[in-house]
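Since the structure comes first, as structure tokens, the remarks are kept for the end.
The values are calculated or read from the model by the stated rules, or taken from the named source; none is laboratory data. Computed from a predicted model, the values in this text were never measured in an experiment. Glycine gets a Cβ as well: all are built from the backbone with ideal geometry, and neighbour counts include every protein chain shown.
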């Protein structure tokens, strides 16, 4: 059983205030900046908020989430998407299946961060983009104790086998861009 999971009001995840706070279109644009991307894998897809934005750019979208209720909503918002139940630590796809693997505010919820990173690397062909909360107190998002320290993360990126990564500070979040 996946120990950490979202326990709040699911539809709140799509509120206009939250969508604005997460800068969805900006994040998607940054993830697609380098190289040609044809398919995207949204890990921890939730209600399909980011999957919908990627699909809106003409990309083939797949996703996983531990919560079947969220997957039902994701399928409604992205009817052509391939959404399956699963966890970031055990992804139900073959090696190198996706040009881009995207994790939107989910890595901090994984039970085993290093295993999650290794799994995302395994299914990625080009890159992995990880959107996370910054390592500071904010009036929204999880408490500081549940957030990921960037110094710890960069060490895990190296151990997992990523060859290069960058970090971009956004208004309310941080985007890690990892090359396979």
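See the values below:
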{"read-out": "Residue in the range 143-166 that is modelled with pLDDT of 95 or more, exposed (fewer than 15 other Cβ atoms within 10 Å of the Cβ), part of a strand (DSSP E or B) and touching a strand residue (DSSP E or B) at 6+ places or on another chain (Cβ under 8 Å) present", "value": "yes"}
{"read-out": "So residue 152, is it without any contact (Cβ under 8 Å) to a residue 40 or more places away in the chain and over 18 Å from residue 120 (Cα atoms)", "value": "no"}
